[in-house]
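Working notes for the structure below.
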Amino acid sequence: MPFSPPHLLLFVFLLGFLLAFVQVGILTLAFDKLGLSPGAGFLLLFASLAGSAVDIPVAAVRSEPPPEPLPEPVRWGLLRVRRPYAGRTVIAVNVGGCVIPVLFSLYLLASRGLPLDRTLLATAVVVAVAYAASRPVPGLGIAMPALLAPVTAALAALAVGGAHSAPIAYVAGTLGVLVGADLLHLRDIPRLGTPMASIGGAGTFDGIFLAGVLAALLA
């Protein structure tokens, strides 16, 4: 579906804001901890922001009717999606909120030589916290407190990560939320009454990609 004019303007504004934010130095510090230059960090942000508008359908399940009234409009990333409910929910993978963070996490694991045992331990902590704190919201999806995952990931990484605490915090923050809040709640999808359930949610700023960046900054 095309971008509506207000959301296209918001997209352009966010790109300019993020570029300035990186150059100022706050996100630069986080990206530096992850071994990225400001330019590479902005490219990663841009790809995640653009990818948040792209959902790749992977399956479909029969689901219960949505609650009445269903909130309108339903927003996914910067797009306004109005899918009619037809008795099933399409399960999709969000590019900006799932694919890109997972690929970057794998890159960090390979390029930074992260200790697998400590990375898995920190990730398991975030998975447990994200699963316990997330709740299915009928008609919308899975919701959880936005700052809980990055703070948990940062504390876990600081406790076990040593010199690798920042990249471990990113991996734990992103993968922990994806597994704990999304994948472990797949069985709840038929009860959500929503036309689409997107793994990775709205994308960049829904607590997945941002959880990793904030966790790396805090670690």
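Things to note:
- Extreme residue, nearest to GLY162 (Cα to Cα), among residues of the stretch 121-136 that are crowded, with 16+ Cβ neighbours inside 10 Å and not small (Gly, Ala, Ser): LEU121
Each row is one residue, and each column tells you yes or no for (1) outside any helix (DSSP H, G or I); (2) in contact with a Ser or Thr (Cβ under 8 Å, 6 or more places away or on another chain).
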residue: ALA128; (1), (2): no, no
residue: ALA132; (1), (2): no, no
residue: PRO150; (1), (2): no, no
residue: ILE168; (1), (2): no, yes
residue: ALA181; (1), (2): no, yes
residue: ARG187; (1), (2): no, no
residue: GLY193; (1), (2): yes, yes
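- Exactly one residue among GLY200, GLY161, GLY212 is over 16 Å from the mean Cα position of the chain (by Cα), at pLDDT below 85 and crowded, with 20+ Cβ neighbours inside 10 Å, and that residue is GLY161.
- Flag if LEU43 is at pLDDT 80 or above and either charged (D, E, K, R) or exposed (fewer than 13 other Cβ atoms within 10 Å of the Cβ) (or both): yes
- Test: THR174 is crowded, with 24+ Cβ neighbours inside 10 Å and over 19 Å from LEU109 (Cβ atoms): no
- Scan of the stretch 134-148 for residues that are among the small types (Gly, Ala, Ser) and either part of a helix (DSSP H, G or I) or over 15 Å from the mean Cα position of the chain (by Cα) (or both), ordered by number: GLY139
- The stretch 121-142 residues that are within 14 Å of LEU184 (Cβ to Cβ), paired with ones that are of a type in the set (Ser, Thr, Tyr) and buried (at least 17 other Cβ atoms within 10 Å of the Cβ) (beta carbon under 6 Å, 6 or more apart): VAL126/THR152; VAL129/THR152; ILE142/SER134
The values are calculated or read from the model by the stated rules, or taken from the named source; none is laboratory data. Remember, predicted model here, so these are calculated numbers, not experimental data. Please note: Cβ atoms are built from the backbone with ideal geometry, for glycine as well, and neighbour counts cover all protein chains shown.
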